[in-house]
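Right, one structure below, let's go through it.
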Amino acid sequence: MIECKDITKIYKNGDNETVALKDVSLSINDGEFVAIMGPSGSGKSTLMHILGALDTPTSGTYFLDGEDVSKLSDDELADIRAKKIGFVFQTFNLLSRATVMRNVMLPLVYSNVDEAARKERSAAALRSAGLPEDRWQHRSNQLSGGQIQRVAIARALVNDPSVIMADEPTGNLDTKTGQIVLGTFERLNKEHGRTIVLITHEVEVAEYADRIIYIRDGMITEDKKSHKKRKAHI
């Protein structure tokens, strides 16, 4: 599904250059649950931006579902994001006064999906994310943090993406609620075969994944299976 080879990203500011990624190569198979872990400034967010088609590398190649996206235009990258990638962020990014259902339906509006199909697909996504139906007509500002993040997960699922990118998804949640959200990702992977890439700086969060890629100073330092025995909090 994901194949990166010799990805380098350099940011320039006048005569100054910052190497955010250096010769990063990795592959992620369809249906894997992978965590990319590193401290602040390690390059993990830059890598997520490239994997999520939010940015392009300075050099190297990146294939997603067999398509080389490393040299695409901004419009082409936007099309890839809309069709193949679902994002879940730390800050939720929901419309606070809109209902849960309307928040989840929003990406489908931009994709010109008719109203009946929008409702059907949004309901299916909310069920997959584990949000009770009696919350669907609540506004997002009436929900708990964990419920809000489940809405964000449903919104990421609604376009049936090839991969879900979760960037520090538990960063604004308490420990118990974070475990519930991570359990949701685990269930989506185990029961529904979703490919998930989780960005984090926390060991406890990374170990919910089946595989952990460690990054430091813009380079992969380790790539190993996670051995922690865990129980999903559904």
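Any read-out appearing in this document is the output of simple, stated calculations on the displayed coordinates, not a laboratory observation. Remember, predicted model here, so these are calculated numbers, not experimental data. Glycine gets a Cβ as well: all are built from the backbone with ideal geometry, and neighbour counts include every protein chain shown.
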### Task
Count the DSSP beta bridges whose two residues both fall in the chain, then state the antiparallel fraction as a percent rounded to the nearest 5.
55 percent
### Query
How big is the charge dipole of the range 1-114 about its Cα centre, in debye rounded to the nearest 20, if each Lys and Arg gets +1 on its Cβ and each Asp and Glu gets -1 on its Cβ?
500 debye
### Message
Need one number: nm distance between label points at Lys22 and Glu67, each 7 Å from Cα along Cα→Cβ, rounded to one decimal.
### Response
3.3 nm
### Task
Hey, could you grab the Kirkwood Rh for the range 1-134? Inverse mean 1/r over distinct alpha carbon pairs, Å, one decimal.
17.1 Å
### Query
Which entries of Lys9/Lys71; Lys5/Lys225; Lys12/Lys84; Lys9/Lys225 show an alpha-carbon separation above 19 angstrom in the structure shown?
Lys5/Lys225; Lys12/Lys84; Lys9/Lys225
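Under the 0.36 nm per residue contour assumption, what length would be gained going from the current alpha-carbon distance of Ser96 and Glu3 to full extension? The partial results should precede the final answer.
Details: separation 93, 0.36 × 93 = 33.48 nm, distance 3.67 nm.
Using 0.36 nm per residue and subtracting the Cα-Cα distance, I get 29.8 nm.
How would you rank Ser96, Ser140, going from fewest to most other Cβ atoms within 10 Å of each one's own Cβ?
Values: Ser96 12, Ser140 20.
Placing the least packed residue first, the sequence is Ser96, Ser140.
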### Task
Taking the Cβ of each residue in His138, His49, His227 as the centre, tally the other Cβ atoms inside 10 Å and list the residues starting with the fewest.
His227, His138, His49
### Query
Which option, [x] 18.1; [y] 21.7; [z] 17.4, is the value of Kirkwood radius over Cα pairs in Å that was calculated from these coordinates?
[x]
### Task
Return the FRET efficiency for the residue pair Glu115, Ala82: r is the Cβ-Cβ distance, R0 is 25 Å, and the value is rounded to the nearest 0.05.
0.85
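Is there a quick way to get the dipole size of the chain? I mean about its Cα centre, with the Cβ of Lys and Arg at +1 and of Asp and Glu at -1; what is the value in debye to the nearest 20? Mind dumping the intermediate values first?
On the way: 31 positive and 33 negative charges, 198 e Å.
Once rounded to the nearest 20, the dipole reads 960 debye.
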